[in-house]
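Enquirer: Please read through the structure below; I'll follow up with questions.
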Amino acid sequence: MTLLQEIEYLRASLSDYLQLTNIQEPETFSGSFYLDKQNDTIIYASEPAENDFWQILGPADINKRLHPLSFDRFRKNFQNDFWDNILIEGEISSSTLQMLKTSIQVEYEQLSFRPPYSFEVLSLVPDFRVLAGLRYVTELGKALNIKSQLEPVLSFPLGSNVISLLEAAMTYQAMTTGYVTVSGLDEPIDELAIIDRIENSEGETIFTPERKNIRVVDVKTSLMVSDILRNIVKFGTGRYADTNIRLHSFDPEIEQQLQQFDLPVPVMGKTGTSNRFTNSAFVGVVPGPHEEQNGFTTANGYTVAAYVGFDNNDPMVRNSTHITGSSGALPVWTRMANGILLKKNHGAQLDLVDLAFSVDPITGETGLRLIQPDLDQKIVPVNSSNGLPLSTQYNDNSPRQSDATSLTFGTLLPSGELDPDRIFQPFWSN
């Protein structure tokens, strides 16, 4: 019998613990009674803990507890309280275990009438839930332009699947903007979305693809993912880009202004380093100017992917030098981002004086900023070293500028704490 079954047997059979030998030999029981002298708690355990406060109790001791020479014995449910409050193995009360046992039995009886492979039954199996989640991720990958084979294995989050650099770039574009690009009547995935047009040797355009965008990622998720990627550049492994990407101009006067303000461009991205340092990658977004407001947006930007590695996958290691995503691909990506910003002359399209002194009403940041739709998102101050929320209560959306922040959604409680929303919108419903 389990310890709980032994307790229930004793509870149902004994009017006096001293009669135990007439009902069941003590040797057949795996548990014994103990008194936790520190907490004055009765414990039923299979083995005594290495605790100086535990004292073994015999039948006479339990009998005194069940039949005290005091008015407690006349109190209603006195003996029930005794049995209910016994701690099994010193951890959990017998009443709690009994309640769990009853709940499990009720659930089992309800499910026993259903087909064994119905969703109601399978959804309660942990392995099935894990597999369903992995299958969802593989299908989401297909919806995000990934054509490479994705295996739904447990090591998926660790990078066991392999995709191309183009697929990684298109995935980042879809996650930050929410859209994938399709073409044709049957709306196949546009694998050549990087082609703007094709010209002949005389400069005449001979092909211009007809494309349209289909939303795959909902707006709220895109905002949160973009904020995560922005924080990686500001506080994580992508800080080299935050330090070295600036607006420039061919116009000397505008270039002088840009150098004077020295405003970081709100780029986003993530480093990647493979096992044994065989590959170094960085994929990110270089935003473009907003069409109507003084700031940047991912919708008019460019998604850029950079890769550094040997053709034969040799490790990029020499002595104590190890080439990672931040030391290998990120500097290459940064030069490409600066080239795009200069080529597009974004510096001449913005009011720099206004940007230098204006404050974003949502994030509380000054300088070059991303223009985001107002979806009642909340900006939560967090610790930049570990990402945990600060102990400071946030009663408004204007955290101190020196604090790292995290964009999320939820309801502000009267106490100033945030009750986060649970957001899940399947990609096929977008």
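The values are calculated or read from the model by the stated rules, or taken from the named source; none is laboratory data. This is a predicted model, so every value here is computed, not measured. For neighbour counting, all protein chains shown are included, and Cβ atoms are generated from backbone atoms with ideal geometry for every residue, glycine included.
Enquirer: Mind listing whichever residues of segment 238-264 are crowded, with 16+ Cβ neighbours inside 10 Å and under 26 Å from the mean Cα position of the chain (by Cα)?
Expert: If the condition is that a residue be crowded, with 16+ Cβ neighbours inside 10 Å and under 26 Å from the mean Cα position of the chain (by Cα), then G238, Y240, A241, D242 are the ones that fit.
Enquirer: Cβ-Cβ distance below 6 Å, separation of 6 or more or different chains: which pairs start in segment 340-351 with a residue that is part of a loop (DSSP other than H, G, I, E, B) and modelled with pLDDT of 90 or more and end on one that is of a type in the set (A, V, I, L, M, F, W, C) and crowded, with 17+ Cβ neighbours inside 10 Å?
Expert: As it stands, the answer is none, since no pair meets every condition given.
Matching residues to (1) assigned by TED's automatic domain parsing to the domain that holds E47; (2) over 30 Å from A281 (Cα atoms); (3) of a type in the set (S, T, N, Q):
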{"site": "I88", "(1), (2), (3)": "yes, yes, no"}
{"site": "S94", "(1), (2), (3)": "yes, yes, yes"}
{"site": "A132", "(1), (2), (3)": "no, no, no"}
{"site": "I146", "(1), (2), (3)": "no, no, no"}
{"site": "Q149", "(1), (2), (3)": "no, no, yes"}
{"site": "L158", "(1), (2), (3)": "no, no, no"}
{"site": "A174", "(1), (2), (3)": "no, no, no"}
{"site": "N200", "(1), (2), (3)": "no, yes, yes"}
{"site": "T205", "(1), (2), (3)": "no, yes, yes"}
